[in-house]
1. With each label point set 7 Å from Cα along the Cα-Cβ vector, what nm distance links residue B:100 and residue A:46?
2. Taking only Cα atoms, what is the 0 to 90° angle, nearest 10, from helix B:31-41's long axis to the longest principal axis of chain B?
3. If you build the Cα gyration tensor of the protein assembly as shown and take the root of 5 times each eigenvalue, what three semi-axes come out, in whole angstrom, biggest first?
4. What percentage of all Cα-Cα pairs in chain A are separated by more than 25 Å?
5. Can you pull the one-decimal nm distance between simple spin-label points at residue A:119 and residue B:14, each 7 Å off the Cα toward Cβ?
6. Mind pulling the angle between the C-alpha long axis of helix B:15-25 and the longest principal axis of chain B? Nearest 10 degrees, somewhere in 0 to 90.
7. Let me have the relative contact order for chain B, percent, based on Cα pairs under 8 Å that are six or more residues apart.
8. Cα centroid distance between the stretch B:23-61 and the stretch B:76-109, in Å?
C-alpha cells in the first residue's frame with residue numbers, strides 16, 4: 001500500500017527522473033519503510049515533494065499549477081476550519097471527517113479544476129493564460 | 001570521457017552530492033545502500049529520501065562524477081550499481097581538502113580568540 005501510494009506521488013516528479021529512476025525510487029522507499037518506519041519516511045517523502053518535485057516542474061504548468069492550487073486551498077481551508085472550530089468552542093484538532101469534507105475534498109476539486117484549465121484551456125486562442133511558450 | 005572542468009571540480013559540492021561521493025569511495029553500491037551509508041556518515045543528521053538521492057545521482061551521472069556499473073552476479077536485477085569515476089574522486093578530494101583547510105583555519109582563529 002505504501003509503495004503504491006508513493007508510486008502515485010511520483011507523478012509529481014519530472015518525467016525523465018520517473019522514467020530513469022522511478023522503479024528504484026519506489027524500491028528504496030519500500031525498503032526504508034521496512035527499516036526505519038513509515039512515519040519518518042513519509043514525512044521525508046512529503047517534504048521532498050516541496051523541495052525536489054515542484055522545483056523540478058517549474059517548466060511544466062500542468063503539474064505545478066494544480067499542486068500549488070491544492071496547497072493554497074488546503075492552507076486557506078485549514079485556517080477557516082481552525083477558526084470555525086475555535087469559535088464553536090472546540091479544543092484540539094478538528095474531527096477527521098470535518099478535515100476531509102472541508103479541507104481535502106475542496107482542495108482536490110480545486111486541483112482538478114486547475115489541471116483541466118492548464119491542460120485544455122491553455123491551448124485556446126481566447127484564453128492563453130501565457131502558460132505555453 | 002570526463003566532462004568535469006577544473007572549476008567544477010574545485011567548486012563546493014552540495015551536501016547530498018558530497019555524501020554520495022563519500023559513500024561510493026568505499027566501493028560500488030546500489031541506490032539504497034548509498035542512502036544508508038550517507039545516513040551513517042552524517043550520523044543520521046542529513047535526511048536523504050529517494051528523490052534527493054536519485055536527483056543527485058542523475059546530476060552526478062550527467063557530470064561524469066559517477067557511472068553505472070553491472071551489479072554482482074546474484075544481485076537484485078532491479079537495482080543499478082554506481083561507481084566513482086576519476087572526476088568524482090578529484091571532486092571528493094578537493095572537497096575534503098577544502099573542509100580540512102576550514103578546520104585548520106577555525107582552530108587557528110579559536111587560538112587567536114583565546115589569546116585576545
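Please treat every number below as a calculation from the coordinates, not as lab data. What you are looking at is a predicted structure, and each value in this text was computed from that prediction instead of being measured. No Cβ is skipped: glycine too gets one built from the backbone with ideal geometry, and neighbour counts run over all protein chains shown.
1. 4.4
2. Roughly 20 degrees between the two axes.
3. Numbers: eigenvalues 306, 128, 89 Å².
Here the semi-axes work out to 39, 25, 21 Å.
4. Details: 3621 of 8778 pairs.
So the pairs more than 25 Å apart make up 41 percent of the total in chain A.
5. For the pair residue A:119/residue B:14, the computed spacing is 2.9 nm.
6. Approximately 70 degrees, to the nearest ten.
7. Taking the mean separation of contacting Cα pairs over the length of chain B, I get 32 percent.
8. Rounded to whole Å, the Cα centres lie 13 Å apart.
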